Amino acid sequence: MQYNRILLKLSGEALMGNRQYGIDPEKLAEYADEIKSVVDKGVELAIVIGGGNIFRGVAGASRGMDRVQGDHMGMLATVINGLALQSALEDADIQTRLQSAIKINEVAEPFIRRKAIRHLEKGRVVIFGGGTGNPYFTTDSAAVLRAIEIKADVILKGTRVDGIYTSDPEKDKEATKFDFITFEDVIKKGLKVMDTTAFTLSQENELPIIVFDMNKPGNLLKVATGERVGTKVNL
């Protein structure tokens, strides 16, 4: 395998499937199968999941809600998604631990770095919920922060497009895909890979990012084995 320890970033919207909001159990089961294929190969896998399918703090703030309150609601939404994903993974016979940056001891362990690493070493999938535990930070920032803390080899950002393009491929038919791009070029071209805080943190810590289509069966395993899938961002 190309990578020994991976941080997988999933958006909350990815869990909706074809629904307008909420969680699609069929999509969860599909993702569980994809994750199992990688874990069965001995790869240590941690996951950070968003909460946009349930609540997004920025959207709430734009409608007059206090931003801090909205972000806390968004953090709780990521814990709900984490619980749903944990259930799906355990149905697929994958040992899983959910850790939260916000203390909810009845449903999740508090985030403890050394404990998370120990879980990974024992072959358990660790799901990080609650974002960073702080308002004004996205789950992209949480993903990069956790990846650095657990010393992951790479961040895999699963999306609904198969990489990074010169413009939005869903809107621009002339958009061309990058197989490889540097952090510097992403910034120069103004491409949206992650929010600026997350992206800069990844660049400073020389942590590569691979953006790929998570909805295509087999893609996660291909990326983990080093096949050229999606777009790799590196120095």
Discussion item. Name the single residue that is nearest to LEU89 (Cα to Cα) among those in region 1-46 being among the hydroxyl-bearing types (Ser, Thr, Tyr) and touching a strand residue (DSSP E or B) at 6+ places or on another chain (Cβ under 8 Å).
Written reply: TYR31
Discussion item. Scan region 1-13 and tell me whether some residue there is assigned to a loop (DSSP other than H, G, I, E, B), of a type outside the set (Lys, Arg), at pLDDT below 95 and more than 28 Å from ILE112 (Cα to Cα).
Written reply: no
Practice prompt. Could you grab me the full set of residues in region 85-110 that are open to solvent by 20 Å² or more (accessible area, probe 1.4 Å) and either under 17 Å from LYS9 (Cα atoms) or in contact (Cβ under 8 Å) with a residue 60 or more places away in the chain (or both)?
Written response: GLN86, ASP91, ARG97, ALA101
Fill in: Yes/no for THR159 being among the polar types (S, T, N, Q) and open to solvent by 40 Å² or more (accessible area, probe 1.4 Å)
no
Worksheet entry | Matching option when the condition is open to solvent by 10 Å² or more (accessible area, probe 1.4 Å) and touching a residue at least 12 places away in the same chain (Cβ under 8 Å), among PRO169, PRO217 | PRO217
Worksheet, complete the sentence: Picking from THR138, THR196, the residue that is over 19 Å from ILE102 (Cα atoms) and open to solvent by 30 Å² or more (accessible area, probe 1.4 Å) would be THR196
Item to complete: Confirm whether ILE181 is part of a strand (DSSP E or B), farther than 23 Å from ASN4 by Cβ, aliphatic (A, V, I, L, M) and open to solvent by less than 50 Å² (accessible area, probe 1.4 Å).
Response: yes
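The values are calculated or read from the model by the stated rules, or taken from the named source; none is laboratory data. As the structure is a computational prediction, the values presented were derived from the model and not from experiment. We place every Cβ from the backbone using ideal geometry, glycine too, and count neighbours over all the protein chains shown. Surface accessibility is based on the protein's heavy atoms, side chains included, excluding ligands, DNA and RNA. Shrake-Rupley method; radii C 1.70, N 1.55, O 1.52, S 1.80 Å.
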